[in-house]
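Please treat every number below as a calculation from the coordinates, not as lab data. Quantities reported herein were computed from a predicted structural model and do not represent experimental measurements. Heads up, the Cβs are rebuilt from the backbone with ideal geometry, glycines too, and the neighbour counts pull from every protein chain shown.
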Amino acid sequence: MHPFGFCLVLSLLLLPIGCRPLLPAERPQARDLVPTTFQLYPAAPAAVADQPWWQDFTSPELDQLIDQALCHNPDLQQLWARLRQSRALARSAAAAHWPELTADASAGHSRGRSGVLAGSESVQRWESFALALLSSYELDLWGRVSAQSRAGELGAQAAAEDVYAGQLTLTAQVCLAWLDVQAAARLPLAHQQVTLGRQRLELLVQRFGRGQASGIDIADQQQRLAADEAELARLGEALQQARLELALLVGTAAPLPLPAVPADLPDLPALPSPGLPADLLARRPDVRAAGLRLRAADWQVSAAQAQRLPAVRLTAGLSANSTALAELLDGWLANLAASVSGPLLDGGRRRAEVERSRAQVAEQLAAYRQTVLRAVQEVELALTQEQQRGRIVAALQAQLTQQQRLCLQQRERYLAGTAGYLELLAAEQARLALAQQLLQARREVLAARVALQRALAGQPLRPPSGATAEVLAQSRQNHAMTGQ
């Protein structure tokens, strides 16, 4: 063997011995970003719910709406499509672990003339057939292929968590729109308010004709009546908007045939146990997705660093050529080769790619920290809102109780002849106004509960089917491996 060839073969044999894959460093968990306990809740582990949280409202109608939304919502369908794209990219990156085999077949026919000037013209024909198989494989000495494959796998797991987060957001949106429809229970009260206002205006006009009321009283009542009629119109518009919003969420164009005037708002379910703030790192799908993307960025740095090192590629080929198709396989030629290639001058392109990958890691790290902080803040805010809005409901309930007593007293005085009908109408209007305020405050408390359930993200959703469910399960099992 030629000395140069011997040295080349020896180098190819010894090169893998001194190669070590480039692996990203492990990251500590981000528990230092979260407090020990929530401010408005004692330190206790979170209870595991045995049913979806929205079933606490005991509404079959709401259950049906959420089922339709999880199946037909266009935004959620986009997330499913992105998950399939990410899984395909992960399979594409993992395919580099295997040798690549290509086949090439060709057939040719040639025709020519000779001896035209000499007067002995002859026509010649040639046929050629070729068949070739070519295989190539790159030795993953520095872990570049493994790093890209691992980054693609983590990206697919993050996309699966995006689907789970999209389901949580969608169920919360459906619940809020459904509560807006339920808040249309204010409509009968608003109608009564307008009816009593018109009666009061008619009485004032009659008294004005007898000189018992002034024009200022009539103008003031007209202004109050106009405000009540405007509020009634706003409630009707809000109801129609909520029905259209529900239709959009469930993936239909026409407003859903929901009851226009529900009897009342649902009762507030029991407060769920939020557990410890550190539990959010494992429960929140957006936190898990951010951690997975951070680890994927770490692996991309390793791949970019390995790109700057020499690469060893093995190639093998098998070819056959013949002028007759029947004799194509009679003779063949096989070859096996190994090559080493490495960058010498690239204008700093590979170094710039490493710097870009490291900058992406810094970006993903900041995004992960922001996601963790936002998760804790959302739970704290929802707990605070429910507590404060609950106090508002209690205060309005006490005011309404007193106003109802006042209305009874005014009615007794009116029947006894010691008070006029105008005073009774004014008391009834005040009662109706307080009842509407109480319904709206109760709706805000329920909305805070929905926000809390979405922020906790600990309740089960309908599991997806097929391989996508496996991706979600694998994402949660491997979350601890991400170091987040």
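Here the extension length gained between Thr418 and Leu345 equals 15.9 nm, from 0.36 nm per residue of separation less the Cα-Cα distance. Cβ crowding within 10 Å, taken as a proxy for footprinting-reagent exposure, orders Phe57, Phe38, Phe208 from fewest neighbours to most as Phe208, Phe38, Phe57.
The peptide list 146-152, 335-341, put in order of mean Cβ contacts within 10 Å with the highest first, becomes 146-152, 335-341.
Applying 1/(1 + (r/R0)^6) with r as the Cβ-Cβ distance of Arg82 and Leu268 and R0 = 45 angstrom yields a FRET efficiency of 0.80. Label sites at Arg91 and Gln388, each approximated as a point 7 angstrom past Cα along Cα to Cβ, lie 5.1 nm apart. Computed FRET efficiency, Cβ-Cβ of Leu139 and Ala359, R0 35 Å: what is it to the nearest 0.05? For R0 = 35 Å, the calculated efficiency reads 0.75.
A simple packing score, the average count of other Cβ atoms within 10 Å per residue, orders the peptides 174-181, 239-246 as 174-181, 239-246, with the highest score first.
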